[in-house]
1. Net charge near Gly186, counting Lys/Arg +1 and Asp/Glu -1 over other residues with Cβ under 15 Å of its Cβ?
2. Stretched out fully, how many nm does the piece from Lys190 to Asp223 gain, at 0.36 nm a residue minus the Cα gap?
3. Under 25 °C and 0.890 mPa s, how fast does the stretch 1-126 diffuse according to Stokes-Einstein, given a Kirkwood radius computed over C-alpha pairs? Answer in µm²/s, whole number.
4. Please go through the stretch 185-226 and write out the trypsin sites (Lys or Arg not before Pro) that DSSP classes as loop and that have at most 16 other C-beta atoms within 10 Å.
5. Regarding the stretch 59-182, what whole-number volume in Å³ per residue does the convex hull of its Cα atoms give?
6. Which residues in the stretch 26-40 have a backbone N closer than 16 Å to a point placed 7 Å from the Cα of Asp49 along the Cα-to-Cβ line?
7. Can you list which of the trypsin sites (Lys or Arg not before Pro) found in the stretch 82-160 are DSSP loop residues with at most 15 other C-beta atoms within 10 Å?
8. Just grab the label-to-label distance for Glu24 and Asp239, each label 7 Å out from Cα along the Cβ direction, in nm (one decimal).
Amino acid sequence: MTIKSASDFADMRRAGRVVAKIHEALREAANPGVSLLDLDAIAARITRDAKTTSNFLNYHGFPAYTCLSVNDQIVHGIPSARTLEEGDILGVDAGAIYEGWHADAAITIAIGTIPDKTKTLIEATERAMWAGIEKSTVGTRLGDVGHAIGSVAEKHGFGIVREYTGHGIGREMHEEPQVLNYGRPGTGMKLRKGMAICIEPMFNMGSDATRVLDDGWTVVTDDGSLSAHFEHTVAITPDGPKVLTE
Ligand code: MG
């Protein structure tokens, strides 16, 4: 559903700021020896303290407030007793609902020191997200957004995850349209004022092939290579893209 009023926008931004707060807190707390369940508990507390609810908890039975995806896990990792180790990379995906409006965003964090090649993967994925956000203006076609995102991966030879994509967001976490992380310029739907979309590139160090673990949720790279993920919720306005999750 589109954002129709200033109060809709303010409510969605309020949900978005809670997600930003979760990211900030988990970036601080994610250190060697800390368990994924500890991190999820922090997200749970922030969600409740802000008088928001979680759009992740119980989503098709998902058991937590965050998706925490380590190393070769691309997205949808379930928080567990696993403890972080020096050199890991951790994807933190979180969401919140305020007054029925949803926000959803993700970051990838380095745990301690990581090799330069891994830093490049993380930085390129974040840069691709911003390239997509910059393109997210009234009248731009989704193919242009996807092309801007995908070009960054291609430049580095990283695999672009294709089975999982960005999406519209509003009164539901996942709405139309689907926002692909690749595309042909000048093709696809035109973005309209009042739409909100999640721009969320997932890039792999190796091939783009994925598989789902036996837990039914965790998506991993098929070749075991590292994967990075960044996401923001963005409102399409006459004044340009407005990021709601920072
Ligand atoms: Mg999303």
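1. +3
2. In short, 8.3 nm is gained.
3. Working: Rh = 15.0 Å.
The diffusion coefficient I find is 163 µm²/s.
4. On the way: sites: Lys190, Arg192, Lys193, Arg211; in loops: Arg192, Lys193.
For trypsin sites (Lys or Arg not before Pro) across the stretch 185-226 that sit outside H, G, I, E and B with at most 16 neighbouring Cβ atoms in 10 Å, the list reads Arg192, Lys193.
5. 124 Å³
6. 26-30, 38-40
7. Values: sites: Arg82, Lys117, Lys119, Arg127, Lys135, Arg141, Lys155; in loops: Arg82, Lys135.
Filter output for the stretch 82-160: Arg82.
8. It is 2.1 nm.
Values quoted throughout were computed directly from the atomic coordinates according to the rules given, and no laboratory measurement underlies them. No experiment lies behind these values; they were computed from the predicted model shown. Glycine also receives a Cβ, built like all others from the backbone with ideal geometry; neighbour counts cover every protein chain displayed.
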